[in-house]
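Please treat every number below as a calculation from the coordinates, not as lab data. These numbers were taken from a predicted model, which means no experiment stands behind them. Virtual Cβ from ideal backbone geometry, glycine too; neighbours counted across all protein chains shown.
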Amino acid sequence: MKKEKILLICLPILCALAAIIGYLKVINKDSDTDAFKFKEEYEALNGTTVYENLKYSTLNISENNPIKYSSYDEIIDIIENKSGIIYLGFPGCPWCRSALPILFDVAKDNDIKTIYYLNILNERDSYVVQDGELAYEIDKDDNEKKGTKGYFKLLEVLDEHLTDYIISYDDKEYKTGEKRIYAPTVIFVRNGKVLGLHVSTVESQKSGFDKMTDEQKEELYGIYEDYILEMENSTCSSDSAC
């Protein structure tokens, strides 16, 4: 009788412990995903002050978002040989924070499972004007911001789609002799061909800190969706088979 009582007491406890352990495994598994990492990375800045009265917008990103963290090699391979949607940006970019909810809505509505992501914040070179001459900007560790090899390789691959990198200072323009990848940039690729890329949000949004109107959201949604539909609705020009 005592053994039976002990079993009756222990069995519910063991079942409860098993359920808790199973739940923790699921949580830990989810927290290891790119989607969860991206959510935490961007939501960490929600409502924080940039300077004066400017604050980062609050994002509520789904744990099931389509983000996949990528390398330069993977992104270049997609651009040159494959198909996919690529997002280049970083959490502290206010324009990125305006664009992301729209991009995710379009992706969900069109059953897009993957968006390849690269954080380009510390990848690009950056210049300042000193005594009328261009000089590399110095980062917080006293290093010149010269840009990474991967970034410059991506510049070469996207050259025909990018604009010149020109520094405006004191009513003058200084040409760097380079192209520039601005954030956010969303690239749409089909079978190794760049169908197009979209930079920033919409022209009527004058500041990334401004809340987008419904009309602006609809305009940006339409831009993204047009590219996605072009990716999906490929035409075949072969006389025999596709």
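Here are the numbers:
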read-out: Range of Cα positions in segment 120-221 per principal axis (Å), largest first; value: 44, 35, 27
read-out: Under-5 Å amide H pairs with Met212, H placed in peptide plane, nonlocal only; value: none
read-out: Local electrostatic count at Gly132 - Lys and Arg +1, Asp and Glu -1, tallied over other residues with Cβ under 15 Å; value: -3
read-out: Tail beyond 25 Å, pair distance distribution of segment 67-191 (Cα, percent); value: 31
